[in-house]
Amino acid sequence: MILVTGPTGTIGRHLVRALAEADVPFRGLVRDAHKGKELDREFTVGDFDDPVSMVSALKGVERLLLNGEPLPT
């Protein structure tokens, strides 16, 4: 199982679509359950600033795909 961060963003939507088409098991990590429902895929609600939510989100996960915004230059 892969946990994908940012699955509802511009890049994340393409990532989760490609994973789904390849039958790769994944779950999206979202901060807002409403946005998670828009994925029409498995998701969990969590936030890196809330360690308890991340413990729950990472259950059963073997890999983490950190999809985020680039750092400012």
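Of the listed requirements (1) open to solvent by less than 100 Å² (accessible area, probe 1.4 Å); (2) touching a residue at least 40 places away in the same chain (Cβ under 8 Å); (3) in a helix (DSSP H, G or I), Ile11 misses just one: (1). Answer yes or no as to whether Glu62 is open to solvent by 100 Å² or more (accessible area, probe 1.4 Å) and touching a residue at least 24 places away in the same chain (Cβ under 8 Å). Here the answer is yes, as Glu62 does meet what is asked.
Among the residues of segment 28-45, not a single one is aromatic (Phe, Trp, Tyr) and assigned to a loop (DSSP other than H, G, I, E, B).
The values are calculated or read from the model by the stated rules, or taken from the named source; none is laboratory data. It should be emphasised that the depicted structure is a prediction, and the values quoted were computed from it without experimental measurement. Reconstructed Cβ throughout: ideal geometry from the backbone, glycine too, with neighbour counts over all protein chains shown. Surface areas here come from the heavy atoms of the whole protein model, side chains and all, with no ligands, DNA or RNA. Shrake-Rupley method; radii C 1.70, N 1.55, O 1.52, S 1.80 Å.
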